[in-house]
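Novice: This structure is in structure tokens; I'll ask about it shortly.
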Amino acid sequence: MHDPRPHLGEPLALDLLDTRWNENGHPQDLLTDVAGLGIWLASAGLSDRATADQPTLEALLSARTAIYDVVQSAAHTALNEVLEHGRIRRTLTDTGPADVVDVPDPTWLPAWLAADNLLQLLAEAPDRIRQCAHPDCVLFFYDTSKNGTRRWHSMATCGNRTKAARHYAKKA
């Protein structure tokens, strides 16, 4: 199935947040049903590790809310509750040390992976986690620009709309 979202390719935690977007002024949500979950799992490369079913959808929605709470207000209680469903187990293998994801209940695997990814982003560069600066856009992105000044999820859409609006406002 085709992923209808306007912005793809962000780190897993932000990609999960980007399952909600605005289209022509109307809120959209990919995760309203199990079919949308299946699309997201495939897009995220997790369809071979997770099942698109109602329990997985509910767990993922919990993670999406928790990640949003952290990104918007630094409220972390709900994120820690999601993280309680799994852990990283350190082990030594024949090829050397390894970190193994250990999530006993498979319905929580996608949710846990997204929450863990947010921790990684926060450890690397928390100031690079951004929401698009366009006033009508709700999408998030991880700023990978050299100088860290990216403002829009996409220059081709929100950036151009903002600049065009500014241009027409000056003419008026």
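Novice: Restricting to the range 132-162, and then to whatever is open to solvent by 70 Å² or more (accessible area, probe 1.4 Å) and outside any helix (DSSP H, G or I), can you tell me which residue is modelled with the lowest pLDDT?
Specialist: R151
Novice: Filter the range 92-131 down to the residues that are part of a helix (DSSP H, G or I) and small (G, A, S) and list them by number.
Specialist: Scanning the range 92-131 gives A111, A114, A115, A123.
Novice: Additional query: Looking at L113, L109, L119, can you tell me which residue is within 20 Å of S43 (Cβ to Cβ), within 13 Å of the chain's Cα centre (by Cα) and not polar (S, T, N, Q)?
Specialist: Only one candidate passes the filter, namely L113.
Novice: Could I ask something else about it? Among the residues of the range 63-101, write down those that are open to solvent by 40 Å² or more (accessible area, probe 1.4 Å) and more than 21 Å from the chain's Cα centre (by Cα).
Specialist: R89, R90, T91, L92, T93, D94, T95, P97, D99, V100
Novice: Would you mind stating whether T19 is in contact (Cβ under 8 Å) with a residue 40 or more places away in the chain, under 12 Å from the mean Cα position of the chain (by Cα) and surrounded by 16 or more Cβ atoms within 10 Å (Cβ to Cβ)?
Specialist: yes
Novice: Of the residues that sit in the range 1-15 and are within 12 Å of L139 (Cβ to Cβ) and touching a residue at least 24 places away in the same chain (Cβ under 8 Å), which one is surrounded by the fewest Cβ atoms within 10 Å (Cβ to Cβ)?
Specialist: Once the filter is applied, the top-ranked residue is L8.
Novice: Do you know which of the residues in the range 114-131 that are of a type in the set (D, E) and farther than 21 Å from S62 by Cβ is least open to solvent (accessible area, probe 1.4 Å)?
Specialist: The selected residue is D127.
The values are calculated or read from the model by the stated rules, or taken from the named source; none is laboratory data. What you are looking at is a predicted structure, and each value in this text was computed from that prediction instead of being measured. Backbone-built Cβ (ideal geometry, glycine too); neighbour counts: all protein chains shown. Just the protein is used for accessible areas: all its heavy atoms, side chains included, with ligands, DNA and RNA removed. Shrake-Rupley method; radii C 1.70, N 1.55, O 1.52, S 1.80 Å.
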